[in-house]
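The structure under discussion appears below in the form of structure tokens.
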Amino acid sequence: MHFCRLLFFTGGFSALPGFVGALNRDFQLRFGPSCCRLYSISSSTFDFTDLTCPHSWYPKARKKHRKIFLHMGPTNSGKTHNALKRLESSDSGVYCGPLRLLAWEVAKRLNKARIPCDLITGQEREEVEGATHKAVTVEMADVTANYSCAVIDEIQMLGCKTRGYSFTRALLGLCADEVHLCGDAAVVPLIQEILKVTGDDIEYYERLSPLIPLNIPLGPYSNIRKGDCIVTFSRRRIFGYKKEIERQGGHLCSIVYGSLPPETRTRQAMMFNDTTSEFDVLVASDAIGMGLNLNISRIIFSTMKKFDGSEMRELTVPEVKQIAGRAGRYGSKFPIGEVTCISGDDLPLLHSSLKSASPTIERAGLFPTFELMYLYSRLHPEYGLRRILEHFVENAKLSENYFIVDCEVMLKVAAVLDEMPLSLHEKYLFCISPADMDDEITSQGLTQFAQNYANKGIVRLREIFKEGTLKVPETPAALVELESIHKVLDLYVWLSFRLEESFPDRELAVSQKSFCSMLIEEFLGRLGMQIPTRRKFKSNILRSRSLNSPQSFFAK
């Protein structure tokens with residue numbers, strides 16, 4: 001049962017009814033006659049590394065004559081709004097977004113419009129009675145279901161080096177009468193090329209809202225006004241700008257950056273968007289470039305450089321456009337957006353980037369499904385998962401329109417799991433989990449979860465966490481640690497939806513996640529100038545709760 005669930009969440013195919021007995025009669029249908037032939041595992045006559053025809057992995061979608069609608073334009077231009085209006089008017093449909101926040105927003109929008117809509121992400125399942133629509137993260141898209149309408153948001157991410165395969169799978173596999181693609185026009189030539197072999201019809205729409213690059217820099221903080229968003233690229237600078245703006249500029253600031261829990265990011269965004277809130281300025285990282293609907297009047301770059309993990313470099317044209325495009329949301333109180341920099345020295349790069357065309361996206365991501373790797377492993381029974389992955393990727397055959405996504409994180413996890421008594425599909429499941437292996441606490445959490453599962457077949461949350469009291473962080477270092485704890489709890493919830501009987505403490509993990517988010521938000525609220533009376537009252541309640549309620553703390 002777990003095996004079938006795994007295929008639904010990760011594979012391009014539906015679950016096979018019987019791996020060995022049904023292979024010869026099923027593979028011709030599942031892969032298509034143009035790129036597959038009957039085979040025998042023992043004689044190795046089938047080339048499992050041949051990924052040259054991924055469109056044929058989805059025979060159900062190929063039987064349907066789909067209409068593809070391209071809604072292209074910059075961020076906040078109204079393109080997704082138009083696609084969602086069509087989704088709302090359809091008998092059935094699915095929205096596929098890159099982030100949980102986007103799926104959550106769409107589900108909320110449809111249910112508010114009295115269109116029953118389920119929310120399905122890696123960590124949430126909120127089913128609504130009589131639901132005809134679904135809002136999902138793109139990895140969770142069901143390519144076995146029939147829809148009247150499908151929307152894929154941020155379709156340019158099919159070129160993402162790590163997640164591109166999920167968008168490629170949705171583009172090729174969704175079985176819908178209409179498929180609406182929203183994103184950057186830089187991906188249009190690639191989509192047209194990929195869909196030449198699918199028989200789908202393509203129509204192109206574009207709708208823009210103005211974005212005005214200013215010719216003067218911000219100047220002193222006293223020039224900051226309501227609706228502004230300062231963009232910077234480090235947590236330390238985010239905190240620093242918040243303090244300085246609140247001290248000198250007379251505004252209260254919400255904060256958004258990538259490692260904040262999604263729930264906290266959402267609440268910070270809601271405070272900023274709320275016209276009755278005192279928090280009327282936003283300080284953020286490039287995490288605002290996707291996933292939040294924000295009423296921003298003006299984007300202000302603190303710098304045009306960022307550290308990308310290996311070096312300090314200038315922002316690319318797509319990065320500048322994605323961030324700058326957050327100003328001037330279509331249909332909001334700021335329909336026309338402005339963009340500038342703190343320093344006048346950065347204005348030339350800002351202006352040239354906005355005038356430049358984004359580089360064309362040339363290839364779409366692919367990744368072998370578990371089915372293919374399982375069959376490949378039968379030819380190499382002596383290989384562990386890491387070696388199977390490495391060997392498969394090294395030998396994969398691709399057409400010029402595709403690339404194999406970066407699987408470095410999966411290889412790191414596989415190296416650890418190969419030392420444990422787990423089956424191949426159990427290892428694969430842990431490998432595709434949302435674990436940040438560069439985060440020491442999260443990495444240790446995944447390892448302990450996998451070890452307990454391998455040894456006992458059940459993972460109790462209280463056995464992984466030590467008893468203690470979570471409290472509001474007092475330093476940025478303590479905040480980072482609490483964010484990591486939230487990631488571990490998030491990982492437990494993700495695993496509980498796939499190995500439900502073995503990870504039975506989902507409710508506890510969810511409540512602990514919520515508590516972590518509240519503590520993090522309390523820390524953010526204490527930064528900067530004096531907190532207003534209404535905010536203080538909420539803080540006192542939280543402080544009392546955090547000191548008096550025994551909580552679990554991850555055993556490092």
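When you go through D142, D153 one by one, which is the residue that is open to solvent by 10 Å² or more (accessible area, probe 1.4 Å), of a type in the set (D, E, K, R) and touching a Leu at 6+ places or on another chain (Cβ under 9 Å)?
Details: D153 fails: open to solvent by 10 Å² or more (accessible area, probe 1.4 Å).
Every option except D142 fails the conditions.
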Would you pick out the residues in the range 381-404 that are within 19 Å of T162 (Cβ to Cβ) and buried (at least 21 other Cβ atoms within 10 Å of the Cβ)?
L385, L389, F392, Y402
Among the residues of the range 436-454, write down those that are open to solvent by 10 Å² or more (accessible area, probe 1.4 Å) and in contact (Cβ under 8 Å) with a residue 12 or more places away in the chain.
D436, M437, D439, E440, I441, Q444, T447, Q448, Q451, N452, Y453, A454
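Given the condition open to solvent by 50 Å² or more (accessible area, probe 1.4 Å), farther than 30 Å from S90 by Cα and charged (D, E, K, R), answer yes or no: does some residue in the range 188-198 qualify?
For the range 188-198, residues open to solvent by 50 Å² or more (accessible area, probe 1.4 Å), farther than 30 Å from S90 by Cα and charged (D, E, K, R): absent.
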Helices (runs of 4 or more DSSP H) lying entirely in the range 366-477 (those with 2 or more residues that are within 30 Å of S234 (Cβ to Cβ))
408-417, 440-456
Which residues, taken from the range 240-256, are part of a helix (DSSP H, G or I) and touching a helix residue (DSSP H, G or I) at 6+ places or on another chain (Cβ under 7 Å)?
E244, I245, Q248, G249
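Looking only at residues that are without any contact (Cβ under 8 Å) to a residue 40 or more places away in the chain and part of a loop (DSSP other than H, G, I, E, B) in the range 125-135, which one is least open to solvent (accessible area, probe 1.4 Å)? Step through it out loud before you land on a result.
To start, the set of residues in the range 125-135 that are without any contact (Cβ under 8 Å) to a residue 40 or more places away in the chain comprises 126-131.
Keeping just the survivors that are part of a loop (DSSP other than H, G, I, E, B) gives 127-131.
On the way: E127: 150, V128: 55, E129: 174, G130: 58, A131: 37 Å².
Step by step, filter the range 125-135, then rank; the result is A131.
Filtering the range 218-239 down to residues that are part of a loop (DSSP other than H, G, I, E, B) and open to solvent by less than 50 Å² (accessible area, probe 1.4 Å), which residue is farthest from L294 (Cα to Cα)? It would help to see each step written out before you state the result.
Applying the first criterion (part of a loop (DSSP other than H, G, I, E, B)) to the range 218-239 yields 218-220, 224-227, 232-234.
Now narrow it down to the ones that are open to solvent by less than 50 Å² (accessible area, probe 1.4 Å): 218-219, 224, 227, 232-234.
Details: L218: 20, G219: 24, I224: 17, G227: 9, T232: 17, F233: 18, S234: 20 Å.
My answer is G219.
The values are calculated or read from the model by the stated rules, or taken from the named source; none is laboratory data. From a predicted model like this one, the values you see are computed outputs, not experimental measurements. As a convention, Cβ positions derive from the backbone with ideal geometry for all residues, glycine included, and neighbour counts pool all protein chains shown. Note: accessible area is taken over every heavy atom of the protein model, side chains too, but ligands, DNA and RNA are not part of it. Shrake-Rupley method; radii C 1.70, N 1.55, O 1.52, S 1.80 Å.
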